[in-house]
Amino acid sequence: MYNFSFHNPTTILFGKDQLNGIEGLIPADAKVLITYGGGSAKRSGLIDKVKTVLGNRKVVEFAGIEPNPHYETLMKAVEVIRNEGIDFLLAVGGGSVIDGTKFITLASFYKGDATELLKHGFTPITSDTVEKVLPIGVVLTLPATGSEMNNGAVISYDHGKYPVMSNLAYPKFSVLDPVYTFTLPAIQVANGVVDAFVHTAEQYITYPVDARVQDRMAEGILKTLIEIGATTVTEPENYDARANHVWAATMALNGIIAVGVPQDWATHMIGHELTAMFGIDHGQTLAIVYPALMAEMKEQKGAKLLQYAERVWDITEGNDDERIDKAIAKTSEFFESLGIKTHLSEYGVRAEQVADVVAQLEAHGMTALSETGKITLEVSRKILERAF
Ligand code: NZQ
Ligand code: ZN
């Protein structure tokens with residue numbers, strides 16, 4: 001196991017009616033900016049509920065943070081913060097609203113041009129460059145990204161999707177009430193299961209470093225998602241299934257299974273290009289790329305793929321190659337069973353466009369991906385061709 005330091009400052013309020021608990025976590029004299037998306041939280045009555053809990057605090061609303069949040073939209077909120085003297089941000093939504101709100105807080109008091117925040121890649125933004133940040137609270141409405149308990153955001157800008165990382169951006173608290181996710185369309189629930197699944201896999205199916213706790217936790221998350229996947233998609237108001245979905249998604253990307261182990265993230269980087277170029281939902285891009293990546297990287301990932309086959313899918317028959325192939329097939333079948341298509345061709349992408357995707361990967365410096373850096377542009381091309 002590798003050395004690590006670990007700290008996660010986000011308070012989690014999990015379960016029914018936990019929203020009331022935010023009253024004690026936001027200063028009584030705070031002026032709060034509530035950020036949300038295209039209107040689902042307004043229509044469901046959640047924004048009104050949040051306002052009731054905020055009581056006499058002054059409240060300003062910022063609506064319209066779109067899926068795959070855009071830099072330009074977020075900069076409008078930055079202006080509101082500066083003009084209105086806001087001192088607390090409350091994000092009500094899914095990954096896009098939470099990510100957008102993290103970017104808003106970093107950009108509001110950034111010392112230079114805010115587009116520079118997009119150039120850090122995975123290098124965290126620190127207080128050297130950001131004068132101060134406003135605290136963020138979260139009310140989660142979509143279990144998928146883990147953004148509610150991590151320090152990352154993904155921001156769309158100029159035909160690209162840029163990771164923005166900063167310990168300054170951890171939410172102070174997150175309310176995870178599974179009931180607030182009941183209004184989700186089935187496709188978003190399925191996307192959420194796939195996203196959590198692939199987050200876990202990208203930190204688990206790498207190479208062995210004898211990190212037994214992390215491995216067993218990752219396997220627990222994957223098995224949970226397999227167990228509840230169908231139910232959480234087809235029975236939107238099944239509280240127990242959704243509660244397990246929500247917590248699995250948070251645990252998949254709050255840093256706990258990432259400590260002391262190698263991490264891949266190639267599927268995410270390739271997937272981000274597919275979203276930026278073709279508008280395919282984040283979860284769907286992962287369902288397209290991940291099975292193809294596992295097949296292409298069978299040798300590099302062999303030991304962990306075998307462990308995955310045996311411990312997650314209970315595959316114990318056949319030679320090593322057969323077991324791995326079976327586990328990859330099971331993974332695709334699982335995604336498809338949720339209603340997510342796993343082939344690029346099924347999303348209207350043409351074979352000759354693979355070259356354009358590879359060119360974008362190159363333009364964004366994604367030339368040595370995965371836990372070993374061995375996914376070159378040529379390997380990415382092979383993965384994308386396999387994904388057809
Ligand atoms: O905008 P509204 O009207 O709210 O509708 C949203 C949106 O259209 C809708 N929705 C959300 N909660 C709902 C609901 N509809 C009905 N009822 C509810 N309770 O769902 C749609 C999708 O929302 P979005 O927030 O875009 O989805 P998701 O949570 O999957 O977030 C995706 C974004 O997160 C980034 C992705 O790249 C993408 O931009 N990621 C962030 C990560 C992180 N911060 O750690 C890691 C991930 O790998 C991912 O890259
Ligand atoms: Zn993801």
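The values are calculated or read from the model by the stated rules, or taken from the named source; none is laboratory data. Predicted model, so just to flag it, every value in this text is computed and none were measured. As a convention, Cβ positions derive from the backbone with ideal geometry for all residues, glycine included, and neighbour counts pool all protein chains shown.
Is it true that some residue in segment 140-153 is touching a residue at least 12 places away in the same chain (Cβ under 8 Å), aliphatic (A, V, I, L, M), assigned by TED's automatic domain parsing to the domain that holds residue 26 and surrounded by fewer than 24 Cβ atoms within 10 Å (Cβ to Cβ)? Give the derivation first.
Let us first name the residues in segment 140-153 that are touching a residue at least 12 places away in the same chain (Cβ under 8 Å), namely 140-153.
Next cut, aliphatic (A, V, I, L, M) only: 140, 142, 144, 149, 153.
Narrowing further to those that are assigned by TED's automatic domain parsing to the domain that holds residue 26: 140, 142, 144, 149, 153.
Those still in the list that are surrounded by fewer than 24 Cβ atoms within 10 Å (Cβ to Cβ) too: none.
No; the residues of segment 140-153 include none that is touching a residue at least 12 places away in the same chain (Cβ under 8 Å), aliphatic (A, V, I, L, M), assigned by TED's automatic domain parsing to the domain that holds residue 26 and surrounded by fewer than 24 Cβ atoms within 10 Å (Cβ to Cβ).
Among the candidates 168, 140, which residue alone is touching a strand residue (DSSP E or B) at 6+ places or on another chain (Cβ under 8 Å) and near ligand 1 (Cβ under 10 Å from one of its atoms)? Even if it seems obvious, please write down each step before you answer.
On the way: 168 fails: near ligand 1 (Cβ under 10 Å from one of its atoms).
Answer to the selection: 140.
Of the residues 238, 191, 254, 244, which single one is more than 30 Å from residue 349 (Cβ to Cβ) and touching a Leu at 6+ places or on another chain (Cβ under 9 Å)? Lay out the reasoning, then the answer.
On the way: 238 fails: touching a Leu at 6+ places or on another chain (Cβ under 9 Å); 191 fails: more than 30 Å from residue 349 (Cβ to Cβ); 254 fails: touching a Leu at 6+ places or on another chain (Cβ under 9 Å).
That would be 244, the only listed residue that is more than 30 Å from residue 349 (Cβ to Cβ) and touching a Leu at 6+ places or on another chain (Cβ under 9 Å).
State all residues of segment 1-31 that are closer than 27 Å to residue 62 by Cβ and without any contact (Cβ under 8 Å) to a residue 40 or more places away in the chain; if no residue qualifies, say none. Walk me through it before giving the result.
Residues of segment 1-31 closer than 27 Å to residue 62 by Cβ: 8-14, 17-31.
Scanning segment 1-31 gives 20, 23, 24, 28, 29.
Before we move on, is residue 189 modelled with pLDDT of 95 or more, within 11 Å of ligand 1 (Cβ to nearest atom) and either of a type in the set (Val, Ile, Thr) or within 14 Å of residue 311 (Cα to Cα) (or both)? Steps first, answer last, please.
Numbers: modelled with pLDDT of 95 or more: yes; within 11 Å of ligand 1 (Cβ to nearest atom): yes; either of a type in the set (Val, Ile, Thr) or within 14 Å of residue 311 (Cα to Cα) (or both): yes.
Yes, satisfied.
Quick one: residue 202 ticks every box in (1) buried (at least 22 other Cβ atoms within 10 Å of the Cβ); (2) in the same structural domain as residue 88 (by TED's automatic domain parsing) except a single one, so which number is it?
Every listed condition holds for residue 202 apart from (2).
Provide a single number: the residues in segment 16-54 that are in contact with a helix residue (DSSP H, G or I) (Cβ under 8 Å, 6 or more places away or on another chain), more than 16 Å from ligand 1 (Cβ to nearest atom) and in a loop (DSSP other than H, G, I, E, B).
1
Which ranges mark the helices (runs of 4 or more DSSP H) fully within segment 305-388 that have 2 or more residues being touching a helix residue (DSSP H, G or I) at 6+ places or on another chain (Cβ under 8 Å) and more than 30 Å from residue 229 (Cβ to Cβ)? Reasoning before the result, please.
Values: elements: 320-337, 354-363, 377-386.
In segment 305-388, 354-363, 377-386 are the helices (runs of 4 or more DSSP H) which contain 2 or more residues that are touching a helix residue (DSSP H, G or I) at 6+ places or on another chain (Cβ under 8 Å) and more than 30 Å from residue 229 (Cβ to Cβ).
So which residues in segment 257-274 are within 16 Å of ligand 2 (Cβ to nearest atom) and farther than 14 Å from residue 384 by Cβ, if there are any at all?
Here is the first cut: in segment 257-274, the ones within 16 Å of ligand 2 (Cβ to nearest atom) are 257-258, 263-274.
Scanning segment 257-274 gives 257, 258, 263, 264, 265, 268.
Return the pair list, or none, for Cβ contacts closer than 9 Å from residues in segment 174-200 that are closer than 23 Å to residue 10 by Cβ and more than 10 Å from ligand 2 (Cβ to nearest atom) to residues that are among the acidic types (Asp, Glu) and part of a helix (DSSP H, G or I), at least 6 apart or on different chains.
Close Cβ pairs (under 9 Å, with a partner that is among the acidic types (Asp, Glu) and part of a helix (DSSP H, G or I)) amount to 174/148; 175/148; 176/148; 178/240; 200/219.
Does segment 249-264 hold any residues that are within 14 Å of ligand 1 (Cβ to nearest atom) and either more than 12 Å from the chain's Cα centre (by Cα) or surrounded by fewer than 20 Cβ atoms within 10 Å (Cβ to Cβ) (or both), and which are they? Write out each step before concluding.
Looking only at segment 249-264, we keep the residues that are within 14 Å of ligand 1 (Cβ to nearest atom), and these are 249-258, 263-264.
Scanning segment 249-264 gives 255, 256, 257, 258, 263, 264.
Output yes when any residue across segment 106-124 is of a type in the set (A, V, I, L, M), under 27 Å from residue 225 (Cα atoms) and touching a residue at least 12 places away in the same chain (Cβ under 8 Å), and no when none is.
First, pick out the residues of segment 106-124 that are of a type in the set (A, V, I, L, M): 106-107, 114, 117-118.
Filter once more, so that each one left must be under 27 Å from residue 225 (Cα atoms): none.
Checked against the condition, which is being of a type in the set (A, V, I, L, M), under 27 Å from residue 225 (Cα atoms) and touching a residue at least 12 places away in the same chain (Cβ under 8 Å), segment 106-124 yields no hits at all.
Could you say which residue among 160, 229 is at negative phi, away from ligand 2 (no atom under 15 Å from the Cβ), more than 16 Å from the chain's Cα centre (by Cα) and not assigned by TED's automatic domain parsing to the domain that holds residue 358?
Numbers: 229 fails: not assigned by TED's automatic domain parsing to the domain that holds residue 358.
So the residue among 160, 229 that is at negative phi, away from ligand 2 (no atom under 15 Å from the Cβ), more than 16 Å from the chain's Cα centre (by Cα) and not assigned by TED's automatic domain parsing to the domain that holds residue 358 is 160.
Table: residues versus (1) farther than 16 Å from residue 342 by Cβ; (2) free of Cβ contacts under 8 Å to residues at least 40 places away in the same chain.
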{"residue": "221", "(1), (2)": "yes, yes"}
{"residue": "224", "(1), (2)": "yes, yes"}
{"residue": "233", "(1), (2)": "no, no"}
{"residue": "245", "(1), (2)": "yes, no"}
{"residue": "297", "(1), (2)": "yes, no"}
{"residue": "307", "(1), (2)": "yes, no"}
{"residue": "322", "(1), (2)": "yes, yes"}
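Just give me the residues in segment 66-91 being outside any helix (DSSP H, G or I) and either over 22 Å from the mean Cα position of the chain (by Cα) or under 17 Å from residue 152 (Cα atoms) (or both), in sequence order. Working first, answer last.
If we filter segment 66-91 for residues that are outside any helix (DSSP H, G or I), which is where we start, we get 66-70, 85-91.
Passing the criteria: 67, 68, 69, 70, 85, 86, 87, 88, 89, 90, 91.
Considering only segment 306-345, how many residues are within 23 Å of the chain's Cα centre (by Cα) and of a type outside the set (Asp, Glu)? Before the answer, list the steps.
At the first step, the residues of segment 306-345 found to be within 23 Å of the chain's Cα centre (by Cα) are 308, 312, 328, 330-344.
Narrowing the set further to residues that are of a type outside the set (Asp, Glu) leaves 308, 312, 328, 330-332, 334-335, 337-344.
Residues in segment 306-345 being within 23 Å of the chain's Cα centre (by Cα) and of a type outside the set (Asp, Glu): 16 in total.
Return yes or no: is residue 104 modelled with pLDDT under 95, more than 14 Å from ligand 2 (Cβ to nearest atom) and not assigned by TED's automatic domain parsing to the domain that holds residue 232? Reasoning before the result, please.
On the way: modelled with pLDDT under 95: no; more than 14 Å from ligand 2 (Cβ to nearest atom): yes; not assigned by TED's automatic domain parsing to the domain that holds residue 232: yes.
Here the answer is no, as residue 104 does not meet what is asked.
Select, from 355, 276, the only residue that is of a type in the set (A, V, I, L, M) and over 23 Å from residue 191 (Cβ atoms). Give the derivation first.
Working: 276 fails: over 23 Å from residue 191 (Cβ atoms).
From the options 355, 276, the qualifying one is 355.
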